[in-house]
Amino acid sequence: MELVEADMTEECVCEDVPFDEFQGYLETAQEMIKLCAAKGGRGLAAPQVGIYVNMFVWIINNKDFQIVINPKFYPNGKKKTKTIEGCLSYPGQEYYIERCKYIRAVFYTPSLVYMPSETVVLRKITKEFRPPLSIIFQHEIYHLRGKTVAVVGELLSDDKHVGVAFKEPEEKNEENKLEKERIKD
Ligand SMILES: [Zn+2]
């Protein structure tokens, strides 16, 4: 599995994963996780590897990947936030983007159950996210709509490389280091 050229992901159209066929996508998702981890990304959407379905993988607690199927999100309040985002499809580039700060996400994720034999079922998740996960979730779901950072963002020129935070200033604490951290999906 390899990343496809960025222009093959821009303005792409993705179909929902059919619920009765999701098992056929699990192997793909696992390969996406391996690729994302190998590239040091925090998320990877199916169209980035030339598969046009509504599915992405992302890191939810700094180490564990989650498979997200047929996701939707809704703004949770009116707050917007400016972010600087990188993307595995645009190596070496960073983009300014305005995102919703808080979101409510609805999606499906595979879950192992015993009934009595081991079976993978899809579990529906409704969850509220705050930065940085809310930003990464939007970044990935925008991929599924063909709205990559290059389509909706503003390319950061070299003279603007100043380590601008996507974390809010009022959240200063010992995690300040995160302020210099950029999203790389
Ligand atoms: Zn991306």
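The values are calculated or read from the model by the stated rules, or taken from the named source; none is laboratory data. Only a predicted model underlies this, so the values are computations on that prediction, with no experimental measurement involved. In this analysis, Cβ positions are derived from the backbone assuming ideal geometry, glycine residues included, and neighbour counts consider all displayed protein chains.
For Gly40, the criteria (1) under 14 Å from the mean Cα position of the chain (by Cα); (2) within 16 Å of the ligand (Cβ to nearest atom); (3) modelled with pLDDT of 95 or more hold in every case but one, which is (3). Residues that are exposed (fewer than 15 other Cβ atoms within 10 Å of the Cβ) and in contact with a Phe, Trp or Tyr (Cβ under 9 Å, 6 or more places away or on another chain) within the range 74-104 comprise Gly77, Lys79, Lys82, listed in sequence order. Among the residues in the range 54-65, are any at positive phi, within 16 Å of the ligand (Cβ to nearest atom), outside any strand (DSSP E or B) and modelled with pLDDT of 95 or more? No, the range 54-65 contains no residue that is at positive phi, within 16 Å of the ligand (Cβ to nearest atom), outside any strand (DSSP E or B) and modelled with pLDDT of 95 or more. Residues in the range 74-93 that are more than 16 Å from the ligand (Cβ to nearest atom), touching a residue at least 40 places away in the same chain (Cβ under 8 Å) and not in a loop (DSSP other than H, G, I, E, B): Thr81, Lys82. Determine, yes or no, whether Tyr114 is at negative phi and surrounded by fewer than 12 Cβ atoms within 10 Å (Cβ to Cβ). Yes.
Does Glu118 meet the test of being charged (D, E, K, R) and within 16 Å of the ligand (Cβ to nearest atom)?
no
Scan Val113, Val151, Val120 and give me the residue that is at pLDDT 95 or above and β-branched (Val, Ile, Thr). Matching residue, one of Val113, Val151, Val120: Val151. Among residues of the range 94-107 that are over 11 Å from Glu128 (Cα atoms), those with a Cβ under 6 angstrom from a residue that is in a strand (DSSP E or B) and small (Gly, Ala, Ser), sequence gap 6+ or separate chain, pair up as Glu94/Gly86. Just one of the numbered conditions (1) closer than 18 Å to Trp58 by Cα; (2) in contact with a Ser or Thr (Cβ under 9 Å, 6 or more places away or on another chain); (3) modelled with pLDDT of 90 or more; (4) not acidic (Asp, Glu) is not true of Ile183: (3). Looking only at residues in the range 7-21 that are at pLDDT 95 or above and among the hydrophobic types (A, V, I, L, M, F, W, C), the one that is surrounded by the fewest Cβ atoms within 10 Å (Cβ to Cβ) is Val13. Report yes if Leu44 is part of a strand (DSSP E or B) and free of Cβ contacts under 8 Å to residues at least 24 places away in the same chain, otherwise no. The answer is no for Leu44.
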